[in-house]
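*Asks:* Here it is, the structure in full.
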């Protein structure tokens, strides 16, 4: 396993990109900020697998927790509720960077 870019506890933003084709980042989470809860491992890139390209490098997958009120503006539950999502490293950026 290569060295992960983001350690557990890091604050990250899910990229706010809308490229054509098969993508593996939920649209409702793009541009949202969360915290890495742990590193899931390395896996092949499913965006490449969708086109039959299975020999590319593996990507680190992270479990990211995003506060529910940050996703859904009218969320009526407790403010500390989170949604956990597994996100490939190519869809994450440090939260301090400007979105493209």
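*Asks:* Can you tell me which residues in the range 83-100 are outside any strand (DSSP E or B) and farther than 19 Å from residue 41 by Cα?
*Replies:* Once the filter is applied, which keeps residues that are outside any strand (DSSP E or B) and farther than 19 Å from residue 41 by Cα, the range 83-100 yields 95, 96, 97, 98, 99, 100.
*Asks:* Farther than 19 Å from residue 92 by Cα, surrounded by fewer than 15 Cβ atoms within 10 Å (Cβ to Cβ) and modelled with pLDDT of 95 or more: does that describe residue 51?
*Replies:* no
*Asks:* Follow-up question, since we're still on this one. Can you report the number of residues in the range 5-29 which are over 22 Å from residue 58 (Cα atoms), touching a strand residue (DSSP E or B) at 6+ places or on another chain (Cβ under 7 Å) and touching a residue at least 40 places away in the same chain (Cβ under 8 Å)?
*Replies:* 2
*Asks:* Another one. Is one or more of the residues making up the range 66-82 assigned to a strand (DSSP E or B), buried (at least 16 other Cβ atoms within 10 Å of the Cβ) and modelled with pLDDT under 95?
*Replies:* no
*Asks:* Identify, please: which residue in the range 16-42 is under 18 Å from residue 67 (Cβ atoms) and assigned to a loop (DSSP other than H, G, I, E, B) and is, among those, nearest to the chain's Cα centre (by Cα)?
*Replies:* Of everything passing the filter in the range 16-42, 25 is nearest to the chain's Cα centre (by Cα).
The values are calculated or read from the model by the stated rules, or taken from the named source; none is laboratory data. Since we're looking at a predicted model, the values are computed, not measured. Heads up, the Cβs are rebuilt from the backbone with ideal geometry, glycines too, and the neighbour counts pull from every protein chain shown.
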